Amino acid sequence: MIRRRHLISLAAAATLPLPGVLRAAPALKIRLGWQKNGVLALAKAQGALEKRLAGKGVDIAWSEFSSGPPLLEALGADALDFGPTGDVTPLFAQAAGGNLLYVGAYQGAASGSAILVHKDSDITNLAGLRGRKLAFKRGSSAHNFAVKALRKGGLTTDDVTPVDLPPPTRRRLSRPGPSTPGRSGTPISLWRKKIRKRAC
């Protein structure tokens with residue numbers, strides 16, 4: 001269930017005078033990017049914004065993204081008007097000259113991120129990641145989480161082999177298979193889902 005304050009914030013953001021949108025007539029079209037987590041995903045699933053803006057001449061167009069970096073690329077290319085990302089992604093975009101406006105923020109649960117290994121893996125702590133492949137989307141919040149987790153285990157990204165993979169591919173890697181992570185070269189997956197968490 002979406003909390004009232006989140007819904008009000010989203011509705012308010014959806015009615016902001018966004019560049020290039022107010023000129024559209026007669027209906028106002030808001031192009032929203034979303035990912036399969038967070039408040040906006042809940043709003044889409046429940047049709048909350050459509051209900052809130054019903055009868056106000058506002059059309060909501062949804063576009064799904066696998067992670068924050070491609071969402072912000074679309075925002076920068078004027079293919080979107082609004083979208084949520086993780087904590088680090090906007091910083092990378094702004095460092096690259098991206099023209100962004102922060103309209104709100106919320107904090108996700110600390111248990112929402114984890115380093116995943118197959119259940120038969122010999123990795124039982126962070127130190128066991130040394131010399132292994134670690135999968136995450138470069139420039140995303142998963143990237144930031146990986147750096148912090150490695151630091152907690154006395155490691156850096158130089159101690160592992162980073163593999164730049166989007167969430168859908170990481171999900172497939174987290175499923176049980178015939179190979180053992182690290183031994184066969186299969187990357188260890190970093191994914192925001194509670195499957196089997198270790199080393200975090």
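What follows draws every value from the coordinates through simple rules; no lab data is involved. Remember, it's a predicted structure, so these values are computed and weren't measured experimentally. Counting neighbours? That spans all protein chains shown, and the Cβs are built from the backbone with ideal geometry, glycine included.
Quick notes
- Along the range 57-63 the Karplus relation, 6.51 cos²θ - 1.76 cosθ + 1.60 evaluated at θ = phi - 60°, assigns HN-Hα couplings of x, 10, 10, 9, 10, 9, 10 Hz to successive residues, with x for each Gly and Pro.
- Of the cross-linked pairs LYS119/LYS148; LYS29/LYS137; LYS44/LYS137, those separated by over 28 Å at the C-alpha level are LYS29/LYS137.
- A straight Cα-to-Cα reach below 17 Å connects LYS51 with the aspartates and glutamates ASP59, residues fewer than 8 places away in its own chain not being considered.
- Going from the residue with the fewest nearby Cβ atoms within 10 Å to the one with the most, PHE145, PHE92 rank PHE92, PHE145.
- Amide H contacts of VAL88 (H built 1.01 Å from N, under 5 Å, at least 5 apart or other chain): SER141
- Note on GLN46 and TYR102: their simple-model spin labels are 2.5 nm apart, each label 7 Å out from Cα toward Cβ.
- Put simply, the amide H of ALA135, placed in the peptide plane, has neighbours under 5 Å in VAL163, ILE188, SER189, LEU190, leaving out anything fewer than 5 places away on its chain.
- With the highest mean first, a sort of the peptides 35-43, 147-155, 65-73 on other beta-carbon atoms found within 10 angstrom per residue produces 65-73, 35-43, 147-155.
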